1. Run down 274, 253 and say which single residue is touching a strand residue (DSSP E or B) at 6+ places or on another chain (Cβ under 6 Å) and in contact (Cβ under 8 Å) with a residue 40 or more places away in the chain.
2. Filter segment 291-316 down to residues that are in a helix (DSSP H, G or I), buried (at least 17 other Cβ atoms within 10 Å of the Cβ) and touching a helix residue (DSSP H, G or I) at 6+ places or on another chain (Cβ under 9 Å), then give me how many there are.
3. Of these, 102, 46, which one is over 23 Å from residue 197 (Cα atoms), in the same structural domain as residue 11 (by TED's automatic domain parsing) and either free of Cβ contacts under 8 Å to residues at least 12 places away in the same chain or assigned to a helix (DSSP H, G or I) (or both)?
4. Restricting attention to segment 385-415, report how many residues are free of Cβ contacts under 8 Å to residues at least 40 places away in the same chain and in contact with a strand residue (DSSP E or B) (Cβ under 6 Å, 6 or more places away or on another chain).
5. Restricting to segment 64-81, give me the number of residues that are more than 33 Å from the chain's Cα centre (by Cα) and surrounded by fewer than 21 Cβ atoms within 10 Å (Cβ to Cβ).
6. Given (1) within 16 Å of residue 341 (Cα to Cα); (2) not in a helix (DSSP H, G or I), where does residue 369 come up short, assuming only one miss?
7. I'm trying to understand the selection: among the residues of segment 165-178, which are surrounded by fewer than 22 Cβ atoms within 10 Å (Cβ to Cβ) and out of contact with any strand residue (DSSP E or B) (no Cβ under 8 Å at 6 or more places or on another chain)?
8. Is there a residue in segment 426-435 that is over 30 Å from residue 282 (Cα atoms) and either in contact (Cβ under 8 Å) with a residue 40 or more places away in the chain or in contact with a helix residue (DSSP H, G or I) (Cβ under 6 Å, 6 or more places away or on another chain) (or both)?
């Protein structure tokens, strides 16, 4: 049929009253297998067990194709099965409303309607149904009807690889791959009598990126996350109490907008060193570290009382006689986790004698998995890639830079991390000056939230940006589901397209 002859295309639930017309479509679709059609009682069984899974597509009122599906408990079948086994000897008793995967029983299009992309519509319906029912994904055994031509030359695995490289044309397998299904394994003896495929099939799978496993607790995983960035003004403070009063002011402000996170800058507590200017710089920074545990406890209390996750920038900390640059994630459930600056700057090592940390990890929060890298660490792409491999969705970078060129290094590297790791990156720094604190004289900052660069995101990859060198807060919402879509359907897919056959990145134990 020509496109110009089409008046209407409709997708409808299958009705048993239309069985004879459906049978005619099946017989025409499987002309090389004359007995390969479903009997009326089998269609009736499918409709009684799972009516939503059985649909027809009509062109000008005529049935042009059908899709048949069941739901199965996939772990019982995923490793190896036959068509007869997955359908319960064609009774469909394997269907379970408590199952977790939509299994495709059949898709067929009448020959005269092929070339109109009707099959794609049927597959799109299955994907939407899978998402609606919150199933893990879709699976089915895909025939490879051209394999008999190459069976003496290639194994099924070699055949599939050549189809993927477009060296061999297999219209069925090519169609499945173009619809985002990935080959999982070879199924031997799958469909009895399928001589064209030598009775081999390819187990094809599609993962539902929106699938949410049912939790036993009452908590829910948020999808739209609100970030509160604090562009901190350096000013004199007499003691920890006055410093944390100002910190609480900002926490109150961002929590008033129902933010999920508050991000403070690196060394935001540096003003407390002013009273130690009579000491050497190494002694002054070590004196500052004596306040760290008290500040962390105050932050933890504030995270609970204001119902917000606080990323406490960074502070100096003494451990086993060594000085580190560390920060704390104070969660609103009352738990506290620690992160370390892995790469200290030459100045931190030379002036203060600071050591680099050793622990790289993602943090589980009520808003998903996050990573935290302190300032200079954002300039080492390996760190954020390791975090991305562990499922990080948002990377937080507290920083402190004195010059605009130092800021530019952090800013541009942070934006690169968002693109290459398909994640959001939030950076927050300090502004102003501390004339009475050695080695912390002046600061330059512009806090920002970066996104990947694709159609669902800002074209320049910038979600929000603060006014440079002004004390303020920055509020921005980020959508985690957009990252899932990017990972599967983006114009480019940096995480999926890595050549892991040539290189790999891993942490040392």
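The values are calculated or read from the model by the stated rules, or taken from the named source; none is laboratory data. Keep in mind the model is a prediction, meaning the values are calculated, not measured. Here Cβ is always computed from backbone atoms with ideal geometry, including for glycine, and neighbour counts include all displayed protein chains.
1. Values: 274 fails: touching a strand residue (DSSP E or B) at 6+ places or on another chain (Cβ under 6 Å).
It is 253.
2. 6
3. After ruling out the rest, the residue left standing is 46.
4. We begin by selecting, within segment 385-415, every residue free of Cβ contacts under 8 Å to residues at least 40 places away in the same chain; these are 387, 390-392, 395, 397, 405-414.
Among the residues that remain, those that are also in contact with a strand residue (DSSP E or B) (Cβ under 6 Å, 6 or more places away or on another chain) are: 387, 391-392, 395, 397, 414.
Residues in segment 385-415 being free of Cβ contacts under 8 Å to residues at least 40 places away in the same chain and in contact with a strand residue (DSSP E or B) (Cβ under 6 Å, 6 or more places away or on another chain): 6 in total.
5. Result for segment 64-81: 0.
6. The single condition residue 369 does not satisfy is (1).
7. 165, 166, 167, 168, 169, 171, 174, 175, 178
8. Yes, some residue in segment 426-435 is over 30 Å from residue 282 (Cα atoms) and either in contact (Cβ under 8 Å) with a residue 40 or more places away in the chain or in contact with a helix residue (DSSP H, G or I) (Cβ under 6 Å, 6 or more places away or on another chain) (or both).
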